[in-house]
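Please read the structure below before turning to the comments.
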Amino acid sequence: MRLYLVGGFLGSGKTTAITQAAQIFIEQGKRVGIVTNEQGKHLVDTAFLRSKSLPTLEVTGGCICCHLDDFNERVDELTVRYHPDVIFAESVGSCADLVATVLKPLMKLRADFDQPTSLSVFTDARLFYRYLNGLELPFSEEVIYTYEKQLEEGGLIVINKSDLLDEKKTAELLPLAAAKYPGKIFRLQNSLKASQVKEWLELLDSPESSQPRISMDMDYDRYASGEKRFCWVDREIKISADDQEKKIHLLNIIQRICRKLSGQAYSIAHLKFLLDDGRENIKFNLTALDDLDSKFEGFSDSLRALKGSTYSLRINAMIEGPLEAIEENIDTIISSELNSEGIDYSVLSGFTRVPGYPKPTMRIGNS
């Protein structure tokens, strides 16, 4: 059994890549398991992956480095229930120091992982381009420290969403990256394309991209100061919408939340929505780098394709900003949109969190 740990910054497209990769392996006759990981409790990514019939378990309420025992239990459960050849584990996007706190401890604790066991670090190509060129970034210096440490740690860096850069910027990226980080492996990738994800998988099994061995220096006080600038809000809502006019209000909720939070002095690491009618679902993601109008193109057509009369709407927000204000914005938009039209709904679950000081279960340095 092989473990492919997928790290990297929030909103970099890790789940999209894992979904494609799992489907590729399944087509090859391999068994796959997935472990998702977030600061929240009611994860959009878990629900989405399960809707694709992909065996998925989760570690919630914090990063896997601080919940290593939980992660180990999820691996055991996947092993017993599904006998996977490969497990993909996705870490929280604000997590770093994975070699010392996850990979090395797991190699010590488990004898059932084959080599190579790898760490891929994903970054949004647009964010990486801005960073390499010294341009303004949408996050604070405290948060960017974590981003920098993720890049420092990764031996294999996947520059994802490369299709969202123009040709000139794309051509500049690899030389800039190689100059900044000599010795690392970089690949440009659009994870919506199965052919490109397949090339990434082939690279994972090469000796060049096997598990990094060096634990890096990490200033945990600086790391913690970045973590504490984030807040997490999740909601799961059951909504009755038995005609097309009512369904439009589901779209309005998503659009209004995105526009409201984008218009504030907040930095959206990710906003994720999953709308499910019990048979089909649509997923919508937004980051600080996305253009709202282009993101919503075609979304109303996807919504009309859903045929149910009762919907589950799951919302995950990871934002650099004040928890109380962000939570109030989300809840006010939901209630005002639905109450004004007399649409029946109920809040099934909700969770909020401001990450605390990171305390890894185990940390193994360099001997």
Cys residues of the chain with no disulfide-compatible partner (no other Cys Cβ under 4.7 Å) are Cys65, Cys66, Cys231, Cys258
Principal axis lengths of the stretch 2-225 from Cα atoms, whole Å, largest first?
-> 48, 40, 35
In the stretch 87-141, the GluC sites (Glu not before Pro) that fall in loop regions by DSSP, at most 14 other Cβ within 10 Å | Glu136
Using a Gaussian network for the chain with springs between C-alpha atoms less than 10 Å apart, which of these wobbles most: Thr352, Thr36, Thr170?
-> Thr170
Average projected area of the Cα convex hull of the stretch 231-353, in nm²?
-> 6.8 nm²
Pairs of lysines in the stretch 231-353 (C-alpha under 17 Å apart; 8 or more residues apart or interchain) | 14
Output for the stretch 300-367: chymotrypsin sites (Phe, Trp or Tyr not before Pro) sitting in coil per DSSP, at most 10 other Cβ within 10 Å, listed by number, reads none
With axes computed from alpha carbons, what is the tilt in degrees of helix 323-339 against the longest principal axis of the chain, rounded to the nearest 10 within 0 to 90?
-> 40 degrees
Extension gain from Ser335 to Asp112, taking 0.36 nm per residue of separation minus the Cα-Cα distance | 75.3 nm
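How much of the DSSP bridge set in the chain is antiparallel, in percent, rounded to the nearest 5? Present the calculation step by step, with values, prior to reporting the outcome.
Details: 34 of 62 bridges.
Beta bridges within the chain, antiparallel portion: roughly 55 percent.
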The farthest towards the positive end of the charge dipole of the stretch 54-140, of the residues His67, Pro138, Leu78, given +1 on Cβ of Lys and Arg and -1 on Cβ of Asp and Glu, is Pro138
What span do the alpha-carbon atoms of the stretch 130-266 cover on each of the three principal axes, reported in whole Å from largest to smallest?
-> 56, 41, 31
DSSP-assigned coil residues among trypsin sites (Lys or Arg not before Pro) in the stretch 271-300, each with at most 16 further Cβ atoms within 10 Å | Arg279
Among Thr36, Thr123, Leu49 the positive-end extreme of the charge dipole of the stretch 2-225 (Cβ point charges) | Leu49
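Readers should treat all values here as calculations from the given coordinates under stated rules, not as data from a laboratory. Treat the numbers as computed from the prediction; the structure is a model and nothing was measured. Note: ideal-geometry Cβ built from the backbone for every residue, glycine included; neighbour counts use all protein chains shown.
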